[in-house]
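J.: Take this structure, written in structure tokens, and hold onto it; I'll ask about it next.
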Amino acid sequence: MATGVKPRDDETILTRADLETIQEAMKSKTFRDMLTEYCDEVRDPANQALFQKEMTQLEKERGYDITFINPKGGYVIKTSVAGDRKAFINICSNEHIGKPSYTVETLNGQKGMNWLIPYSLIPPREDFDNKNQRCVIYDVVFHPDTLRMAEVNERFREIVNKTALDGLQTTYNIHLDSNNCRFPKSLYKGMITPAVVRKEDPSYKPPTEEGTEEISQELLEKLYPQHNYPENIEKSSGSSEVKLKEKRKKQINKEFTDVIYDGYTVPKYILKQQKNVDFQEYTYHKDCKQYSAIPSHLVVEINLPLISSTKDCVLDVEEKSLSLLSEKPAKYKLNLTLPYSVDNKSGSAKFDITQHVLVVTLPVIRNMEFNSNINLLKTDSGIECEENSGSQSEEETYKEKNVTEISSVNENSDLKSSVLEKMINDEPFLQASIVYVLPPYTHNLLDDVIAFTFHVKNTEPDSVVVKNDGSEIYIKFTSIGSGFVPVHYAAIIVFDENIKFKNLSGEAWDNNVILQLEVDGDIPQKFHLGLNKGTMNTEHFDVSQLKKTLEVKQTTEIANPQENIKSPTVEVTNLGSETNIVVSSSCSKGG
């Protein structure tokens, strides 16, 4: 997250030998005395004034007028930056900053003062607070008159604070929590760092060639930098402004933005999913991979940079939601919807005082996620599993089959079927947002029943839907693949216009889906099948077996009429040691 502090690209890394050298040097009293003397000289106001005077003269020779701004502490604003870092804003004063001014304006018939408050920003720096925790320090410098007016006028003080916050956010592309600002009892935070205001000298003249003959070109460019003359500024101002705006837009999109909800700040949070390794998921059992994609725990890390204790925080966890409310010392409010159902009675919450992070761990409830798919994995289902792990009797299997009937001859189901037909007809049968696949199939014709077998395994019984639209039959269903990814199948069957049907039924079995059509009237000779009417395959029924069966029945009835059949006579005689059976016919013997 951006804090306005530039990263240290060339940060010095001390080796073990360097540390040992420093430790040995610190054991010497002479070295410690020299180090203390050097620090005193650097912090001596007289030496700092001499350094600033010499730097001013040097910059004057290079063509710049510089002014050192030494801030004087006024008061401190404590807040957070980027949602997870503690920040201190020093409101300072210096006489070199412009005085505040105002103009009287009339708006909606009422007069008011429009204030213009000049200020200067000192580059931010990283530091440590009283608890030795990292923080960021910003300095905003105003004129002393501005701070004097802020002391006596509370409304003007709010304007000064808002000006400082807006100036920092605009200049460094950062986001400060303006909703939770506190004012500690201190005048200044950290070490005072002066700022420099640099302006080009309009009367500056570069040195002549005679005076720079002995100076190299590289050194000359460092001593006397290239000036931006007005002509060059006008030519390049347009393109530079566009590039600067585009760069700022890109930076702002990547930053964390604080959200304010009903006067509360929504804290920054991270939702993590944890998965415990279970060796039972690496077996061939049918249920071993059922919950492999579901985490075992949800971990919510909530950043609360302005809170040192959670005794005043209210945390509420429900089955599918988490809420946090804090009134003091900072106003935070978070309402989070959880992606999985959790056990709110078995969770835990811990607060890291050093990082100001609340970690909430919630176990995930898994036994209700795939209840609808528990009975789908049966014997020979296409997914590798233990032998006979899902076997059951034919009677139990038949009871679990789901049959969706669109039309029926049963008078009691007429109303139910008509309502179902109306619901199906009102909506498109095949949804445009779903990709359907044409399943492999076989067909058969027996008497007046047409049977289609779609060879698809692990079909959800509730997903089989059949629709009859005159001579057109529609069917769709969903199958669960080996990775528990649903695959949608559909087919459109078109017969000749004179073909009508009495009953339609679709059933999901272990390894296929069976569609039965009872013909009402003429037997069809062919049909067309496909995903849409534009691309269909034409199939013909094998009616030779049906004709042969009818011919055999008719021949048998003619050759063996019922009235010509006579029963034979059977006589049984039991003589004790043997039994005699005599069969005789009452038909007269022919010559």
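Since every read-out is calculated from the coordinates, none of them should be taken as a lab result. Owing to the predicted nature of the structure, the values given are computational and were not obtained by experimental measurement. Reconstructed Cβ throughout: ideal geometry from the backbone, glycine too, with neighbour counts over all protein chains shown.
J.: For the stretch 470-532, what is the charge dipole size about the Cα centre, in debye to the nearest 20, if Lys and Arg each add +1 at the Cβ and Asp and Glu each add -1 at the Cβ?
T.: In total the dipole reaches around 180 debye.
J.: Follow-up question, since we're still on this one. So how strong a dipole does the stretch 21-123 carry about its Cα centre when Lys and Arg Cβ are +1 and Asp and Glu Cβ are -1, to the nearest 20 debye?
T.: 460
J.: Once label points are set 7 Å from the Cα along Cα→Cβ at both THR442 and VAL42, what is their separation, rounded to one decimal in nm?
T.: Using points 7 Å along Cα→Cβ, the separation is 9.0 nm.
J.: What nm value, rounded to one decimal, do you get for the distance between THR56 and GLN110 when each label is placed 7 Å out toward the C-beta?
T.: 4.7
J.: To continue, here is another question. Could you list the trypsin sites (Lys or Arg not before Pro) in the stretch 143-202 that lie in coil according to DSSP, counting only those with at most 16 other Cβ atoms within 10 Å of their Cβ?
T.: Listed in order of number, the matching sites are LYS185.
J.: Sticking with this one: Which order do the peptides 516-526, 455-465 come out in when sorted by mean C-beta neighbours inside 10 angstrom, highest first?
T.: Top to bottom by mean Cβ count within 10 Å: 455-465, 516-526.
J.: Can you flag which of LYS78/LYS199; LYS86/LYS320; LYS131/LYS350 are past 22 Å Cα-Cα?
T.: Distance filter (> 22 Å) returns LYS78/LYS199; LYS86/LYS320.
J.: In addition: Which FRET efficiency, nearest 0.05, do GLU518 and ASN335 yield, Cβ-Cβ r, R0 56 Å?
T.: 0.50
J.: On to the next question. Just to verify a number: FRET efficiency for LYS185 and PHE429, C-beta to C-beta distance, R0 = 60 Å, to 0.05?
T.: Once rounded, the FRET efficiency stands at 0.25.
J.: Between THR103 and ASP129, what is 0.36 nm times their sequence separation minus the Cα-Cα distance? Round to one decimal in nm.
T.: Answer, rounded to one decimal: 5.3 nm.
J.: Tell me the label-point distance for the pair SER178, GLU472, using the 7 Å Cα-to-Cβ offset, in nm and rounded to one decimal.
T.: Using points 7 Å along Cα→Cβ, the separation is 6.1 nm.
J.: Evaluated at 25 °C with a viscosity of 0.890 mPa s, what Stokes-Einstein diffusion coefficient in µm²/s does the stretch 137-210 have when Rh comes from the Kirkwood expression over alpha-carbon pairs?
T.: The Stokes-Einstein estimate is 155 µm²/s.
J.: Now, a different point. Calculated FRET efficiency, LYS533 and LYS272, Cβ-Cβ r, R0 45 Å, to nearest 0.05?
T.: It comes to 0.35.
J.: Please give the peptides 529-541, 128-140, 438-450 ranked by average Cβ packing (other Cβ atoms within 10 Å per residue), highest first, as a rough proxy for protection.
T.: With the highest mean Cβ count within 10 Å placed first, the list reads 128-140, 438-450, 529-541.
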